[in-house]
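Here is the structure we will look at.
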Amino acid sequence: REGYEVLEVVTDPGQSGASLERPGMDHVRDLVASKAGGVSVVLAQDRDRIAREPAYHYFLRREFEEHGTKLRALNDTGDDSPEGELTDGILDQLAKFQRAQIARNSRRGKLQKAREGKVVAGHTANYGFRFNAARDGYEVDEEKMQVMQRIFHMVGVEGVSLGGVRRNLRLTGVKSPAGGEYWSKRIIKRFILDDVYKPHAFEEVKGLVSPEVASKLDPEKRYGVWWFNRRRTTTKQVSEPSPSGRVYRKHSRVTFKDKTEWIAVPIAESGIPREWVDAARAIVAEYRSPSKLAGRFWELSGALMRCGNCGRAMEALDRYYRTKSGEKGVICYYRCREGNRRNDTCQNRKSIRSDWAHSVVWELVSGLLKNPQRLRTGLEAIIEEERKGLHGNPERAKKTWLEKLAEVDRKRSRFQDMAAEGYITFDELGIKLSELDETRATALRELGALDHHRERVAELEAERDTLLESYADVTPGAIDAATPEDRHRVYRLLNLRVVANTDGTLEVSGALINGQKLGDLVLTSML
């Protein structure tokens, strides 16, 4: 209607408007920056489709204005007057408020439900239990609970190790909680330490719950305890450069809350004798998982080696053996955890000998070190890719966020003065200050991201100079004799990615290495 020509339609399916780190939004920002004035307007159906954070609208508007581009939505005023900006700002605050209100109401409802002595149903119930018809309590699943009784008896009465329990369950055909063939020792230990299986006397439970909940319990019975509100999980989406483009990952941070914040929910007794539970818990509480790396430095650890079938990082393991003549030895190899433990998730069961993998990968990469000019070109490409993560002008973006922080401080002072004069209530003041705190947190987070990118670029530049200086006058023989730690550092700097295929071959990619396929794996019969 207004005579615009559509250059491109960009969508962000499944992405949250609470973050700017989204594939579609990054693409739009790159388009606006690369066309240098060729994009007149970025149009969305609604303002909350652009972002659900007012500070992000402010930042994007300022960024697009640098390239002569307007940010519009079908439900905004389209008016650049102060009145129009006020209306649009209200819409942005409403979108943010709606998101916060949904999260708050959901959390309040769950907390209230737990305080009433009801289980807050998740995806699945604890192993050995099932949800009742109302999905607010547990019932015992007799078949699976027999497995748990067997586990507690083996550990607490017979003294079987977790590895022995794991082997026993596998040999007898008991499926793991995920449905696979292999049980995890970590999962078995977690089950043993979980209070849902420990029988508690009425007096014990009474001291953990409210009087209203305790009044509904039978003093003659025993109960398990299901805990709610133990952890706080914060998930943030970030984008990272890779040889094939930007990769988006969700980083979750889990912190355990103080035990005074936990909420106890009584559940049906598991039927496992208390003495078995106490004995098993006393044994596994002292267990410490030994390092799978056995004190060695593995050059391709740290997610450099990945499964070609499921894409997950390969784990590094040792396997000890004895020959027919009685000679002892050890084989070091990489394998996919999913393929070897949960075959329904990944079918890659190929083990990769580490001595072979380390040798062929270093032979390929060392060729770069023996050609300093080619190495410099590759490192410059990595640094340039990292710079692309800084959309627009980083200094101007930093200035914009600093201005936003200053504006937050000014608004805080004005709101406090208004409350002191009686123009707004203290409840209204609390809401406004809470909104300002969220905006401040967003600004500080974005400033931190900008600083992180700049520090990363500076770090890469320093690593580039150090690496070039280190290998400038080194002989080819000295390069071939580099330590595993030196090799690992070079791989990290080159953004190396080694993919282990199901046919026993490796594909290596990174700076100046584009999907090169290495020869068939040999010497696997010993495994």
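The values are calculated or read from the model by the stated rules, or taken from the named source; none is laboratory data. Computed from a predicted structure; not experimentally measured. Cβ: placed from backbone, ideal geometry, glycine included. Neighbour counts: every protein chain shown. Surface accessibility is based on the protein's heavy atoms, side chains included, excluding ligands, DNA and RNA. Shrake-Rupley method; radii C 1.70, N 1.55, O 1.52, S 1.80 Å.
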Inter-probe distance in nm under a simple model that places probes 7 Å from Cα toward Cβ, at GLU66 and ALA481: 5.1
Mean Cβ count within 10 Å, highest first, over the residues of peptides 394-401, 498-505, 35-42: 498-505, 394-401, 35-42
Lys pairs under 23 Å by Cα in the stretch 181-285, provided they are eight or more residues apart or on distinct chains: 15
Chain lengthening between ALA121 and ASP141 when straightened (0.36 nm per residue, less Cα-Cα): 5.6 nm
Peptides 183-190, 253-260, 56-63 ordered by average Cβ neighbours within 10 Å, highest first: 56-63, 183-190, 253-260
Probe 1.4 Å, all protein chains present, accessible-area order of VAL6, VAL508, largest first: VAL6, VAL508
Efficiency of FRET from Cβ geometry, LEU111 and PHE256, R₀ 22 Å, rounded to 0.05: 0.85
Fully extended contour minus Cα-Cα distance, from LYS35 to ALA406, at 0.36 nm per residue: 130.4 nm
By average C-beta atoms within 10 angstrom, highest first, the peptides 168-180, 305-317: 305-317, 168-180
Simple spin-label estimate for GLN93 and THR172 in nanometres, 7 Å along Cα-Cβ: 6.4
